[in-house]
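Enquirer: Sharing a structure below in structure tokens format, with a few things to ask.
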């Protein structure tokens with residue numbers, strides 16, 4: 001486990017489908033930070049690794065106080081490198097996730113969410 005993923009890789013007990021795996025979301029104030037990686041997620045490598053520290057890029061979802069996914073316009077201060085990973089809002093109006101986010105950006109994402117939580 002590296003310094004960026006510390007506390008993120010807490011597996012949730014679920015039935016496995018293919019090689020899908022789901023990690024518990026991290027609470028940051030009123031927000032939830034979901035960091036996922038498996039063959040069914042936007043990550044690199046796109047495999048279900050036994051050791052999660054082997055991922056260089058992961059899928060990130062940020063859920064706001066209302067429980068809805070948040071986009072870059074909702075959380076100020078996200079690094080440009082993360083904003084570029086945003087999958088956008090689909091035709092249905094449902095917001096997407098951040099795909100193939102560099103693991104090295106996770107601390108900056110946490111900081112932006114913490115700042116949003118404080119209303120700064």
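Enquirer: Output the residues belonging to region 80-92 that are surrounded by fewer than 15 Cβ atoms within 10 Å (Cβ to Cβ) and part of a loop (DSSP other than H, G, I, E, B). Write out each step before concluding.
Expert: Let us first name the residues in region 80-92 that are surrounded by fewer than 15 Cβ atoms within 10 Å (Cβ to Cβ), namely 80-81, 83-84, 88-92.
Scanning region 80-92 gives 84, 88, 90, 91, 92.
Enquirer: Right, another one. Of everything in region 29-79, what is outside any loop (DSSP other than H, G, I, E, B) and out of contact with any strand residue (DSSP E or B) (no Cβ under 7 Å at 6 or more places or on another chain)? Give them in sequence order. Give the derivation first.
Expert: Filtering region 29-79 for residues outside any loop (DSSP other than H, G, I, E, B) gives 31-36, 44, 52-54, 57-63, 69.
Listed by number, the residues that qualify are 52, 53, 54.
Enquirer: It is to be established whether one or more residues within region 103-118 are touching a strand residue (DSSP E or B) at 6+ places or on another chain (Cβ under 7 Å), part of a strand (DSSP E or B) and crowded, with 16+ Cβ neighbours inside 10 Å.
Expert: no
Values in this text are rule-based calculations from the coordinates and carry no lab data. Everything quoted here is computed from the prediction, not taken from an experiment. Here the Cβ is made from the backbone with ideal geometry for all residues, glycine too, and neighbour counts use every protein chain on show.
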